[in-house]
Structures are given as structure tokens and as C-alpha cells.
Ligand SMILES: [Zn+2]
């Protein structure tokens with residue numbers, strides 16, 4: 001991941017800050033006077049950059065701090081890199097693939113652990129949409145056991161503050177609307193090749209619970225109990241993994257689809273019910289053909305659905321912002337909607353002036 005730091009715009013922003021958007025010391029959040037300051041933080045998703053020297057890492061982490069970042073989501077695990085980030089006062093989180101796992105040994109030895117579509121195809125050998133979409137079935141005990149061991153191992157890493165779950169969901173039964181063209185699809189309804197999971201374990205478990213095999217439902221997408229069954233399988237798995245992470249004294253967070261409604265509809269995530277320390281919804285307006293103002297509304301929906309006090313950090317997709325003014329509008333919208341900060345995906349931008357952190 002490259003860091004794009006526009007020096008001129010950074011200086012302009014420092015100018016803005018001194019014009020009164022941030023108090024001296026820069027610690028007055030726009031909407032945070034009544035909330036504990038510690039809950040406010042901004043995040044960035046990035047690689048370990050293991051080949052960088054400690055000096056280079058130090059400069060990189062300093063640039064994050066200068067830009068207003070307090071927490072780093074690393075796509076990888078390395079206690080030495082985490083130590084260097086912590087030396088610069090940053091929180092360290094291990095961004096981790098959860099149900100989408102194309103591990104060679106799993107695919108070879110446990111092909112039966114993978115999800116099966118309504119058209120009978122397994123993600124082990126026929127992943128939907130893209131080659132890496134090998135999604136495990138969340139109903140299987142063995143999958144839960146495997147992931148619990150994996151996450152316990154990650155959570156034990158020294159100098160790590162938290163474990164972050166991504167791809168904790170079913171494959172998209174409906175893609176975000178802006179992506180339909182790319183895949184040459186029209187998904188106004190749940191189509192069988194993208195609807196999961198109809199493996200033997202799921203079918204038997206739902207039949208035990210409801211008396212009917214989901215494949216025999218007259219209209220599976222219209223069946224509320226069958227939808228709920230799938231929300232519950234993901235929720236149970238998340239809560240199990242959160243317990244494992246918490247046992248190591250670490251924070252458990254997740255990347256989720258932008259609003260509770262969209263998340264349930266597209267990927268069966270009922271994330272407001274998950275026992276996490278925080279959620280980071282991917283409020284990527286461009287994926288839904290929306291304007292920047294949509295971010296505030298989406299954040300508001302999430303905050304309203306979550307238990308009181310549970311922090312939400314709005315994920316922003318940096319390539320979507322053509323100017324710093326657009327980016328500032330997004331950050332301010334997120335905070336106005338009740339977010340406790342933003343999470344940057346796809347690069348670095350200075351967020352100090354907009355957040356006051
Ligand atoms: Zn299944």
C-alpha cells in the first residue's frame with residue numbers, strides 16, 4: 001500500500017486548523033464534547049512493509065500520527081512492526097480474513113467445509129464472482145473450531161491491541177449496485193448461484209429447527225426464518241471469535257457492510273447484534289451510486305441500531321474523493337452522523353482538521 005501525502009494540502013490544512021477548526025492542541029472534536037475523548041480515533045488500513053528499516057517504519061508511523069491517525073489495521077502479523085507502531089503511540093490491530101479463506105491446506109483437506117450455493121456449487125472449486133471467493137460455511141462446528149484456534153494464535157501476538165475481522169459474512173447474494181456492470185449482472189433478486197449456504201449441514205440444521213429443507217422452500221429468498229438462520233450463524237461465529245480475542249485481553253472489531261439493512265440484505269450480516277468492541281462499516285458511497293451526503297445518513301442508521309455507547313468508525317474509500325474538500329465533507333458527515341472517527345482504506349489523507357483529533 002502506498003502512502004499518498006500531499007504536502008501542499010497538508011500545509012493548507014494546518015492553516016485551516018489555526019483558523020479555528022481545531023482548538024489549540026487540536027483536541028476538541030466537532031461532536032464529541034459529551035463523549036469520552038478516548039473513544040474518538042481514526043484508523044488506517046495498511047501493510048506491514050516488513051522490508052522497511054526501523055527508521056523508515058518510524059517515519060511512516062509518524063506521518064500517520066501527523067495526519068490524525070490513532071489506530072492501524074495491519075494486513076499481516078509481525079510483533080516487531082507492531083512494537084515500532086506502538087512506540088509512535090499508535091494502536092495496533094491485525095486485519096484478518098475470516099470466512100473467505102483460500103488456504104491451500106483447507107481447500108485440499110477440507111473442501112467439505114466450504115459453502116454450497118442454491119445451484120449446488122461449492123465455493124471450494126467454483127467460487128462466485130472472483131477466483132478468491134472461497135467462503136467457508138459458518139454453520140460447521142469444524143469451521144468455528146479452526147477459526148477459533150487461528151484467532152487465538154493471532155490474539156496472543158505481543159504488541160497487538162486488537163484483532164479485526166474482515167470477510168465475516170456470506171458471499172454477496174447481491175453485489176453493491178455500482179459493481180453490477182463490472183460483473184455483467186442484474187441482481188434485482190437473489191439468484192441461485194450467489195445464494196448460500198445449502199450444504200448438508202445447513203440443510204439439516206434448518207430442517208431440524210423449522211421442519212423443512214431450505215431447498216424445498218417454495219421461494220427460499222422470501223423465507224424470513226431461513227434468512228434469520230443465516231444471520232444467526234454468522235452472529236454466533238463472531239461472538240465466539242470475540243470471546244477468544246477478549247480472553248487474550250485484546251479488542252475485537254470488524255469491517256462490515258455500510259448499514260445494518262444493506263449488510264443483512266447483501267451479505268447476511270446482522271452486525272448490530274455482534275459482541276464487538278467497535279464496528280467499521282464500509283461506507284463507500286461510490287459502490288452504491290450515492291453522493292457523499294449518504295455517508296452521514298448511513299452512519300446514523302448504524303449508530304441508532306447499535307447498543308448505546310458502542311463505537312462506530314466510518315470506513316472511507318480514499319480513491320472516491322477527488323479533492324480534499326470532498327474528503328473533509330465525508331469526515332464531517334461521518335462525525336455528524338455519530339461516528340467516533342473514520343477508517344481510511346486505500347491511502348493516507350490528513351484528517352486532523354476535520355476531526356479535531
Ligand atoms: Zn453450510
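Derivation of every value follows stated rules applied to the coordinates shown; laboratory data play no part. No experiment lies behind these values; they were computed from the predicted model shown. Counting neighbours? That spans all protein chains shown, and the Cβs are built from the backbone with ideal geometry, glycine included.
If the condition is being part of a loop (DSSP other than H, G, I, E, B) and within 11 Å of the ligand (Cβ to nearest atom), then the range 100-122 contributes only 115. Has the range 86-99 got at least one residue that is within 16 Å of the ligand (Cβ to nearest atom) and either without any contact (Cβ under 8 Å) to a residue 12 or more places away in the chain or buried (at least 17 other Cβ atoms within 10 Å of the Cβ) (or both)? Looking for residues that are within 16 Å of the ligand (Cβ to nearest atom) and either without any contact (Cβ under 8 Å) to a residue 12 or more places away in the chain or buried (at least 17 other Cβ atoms within 10 Å of the Cβ) (or both), one finds at least one in the range 86-99, hence yes.
Residue 272 meets all of the listed conditions (1) surrounded by fewer than 23 Cβ atoms within 10 Å (Cβ to Cβ); (2) on the phi < 0 side of the Ramachandran plot; (3) over 16 Å from the mean Cα position of the chain (by Cα) but one, namely (3).
For residue 67, state whether it is surrounded by fewer than 16 Cβ atoms within 10 Å (Cβ to Cβ) and in contact with a strand residue (DSSP E or B) (Cβ under 9 Å, 6 or more places away or on another chain). So that I can check it myself, show each step before the final result.
Numbers: surrounded by fewer than 16 Cβ atoms within 10 Å (Cβ to Cβ): no; in contact with a strand residue (DSSP E or B) (Cβ under 9 Å, 6 or more places away or on another chain): yes.
The answer is no for residue 67.
In the range 73-84, the count of residues that are surrounded by fewer than 19 Cβ atoms within 10 Å (Cβ to Cβ), under 21 Å from the mean Cα position of the chain (by Cα), at positive phi and free of Cβ contacts under 8 Å to residues at least 60 places away in the same chain is one or more. Count of the range 41-66 residues, restricted to those that are in contact (Cβ under 8 Å) with a residue 24 or more places away in the chain and outside any loop (DSSP other than H, G, I, E, B), is 14. For the range 286-308, filtering for residues that are over 14 Å from residue 253 (Cβ atoms) and free of Cβ contacts under 8 Å to residues at least 40 places away in the same chain leaves 8. Exactly one residue out of 256, 238, 244 is closer than 30 Å to residue 159 by Cα, buried (at least 19 other Cβ atoms within 10 Å of the Cβ) and over 18 Å from the mean Cα position of the chain (by Cα): that is 244.
Every residue, every condition in (1) within 13 Å of the ligand (Cβ to nearest atom); (2) touching a strand residue (DSSP E or B) at 6+ places or on another chain (Cβ under 9 Å); (3) more than 30 Å from residue 156 (Cα to Cα), yes or no:
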residue	(1), (2), (3)
193	no, yes, yes
210	no, no, yes
215	yes, no, yes
226	yes, no, yes
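When the range 123-144 is filtered for residues that are surrounded by 19 or more Cβ atoms within 10 Å (Cβ to Cβ) and part of a loop (DSSP other than H, G, I, E, B), the ones remaining, listed by number, are 123, 124, 127, 128, 134, 137, 138, 139, 140.
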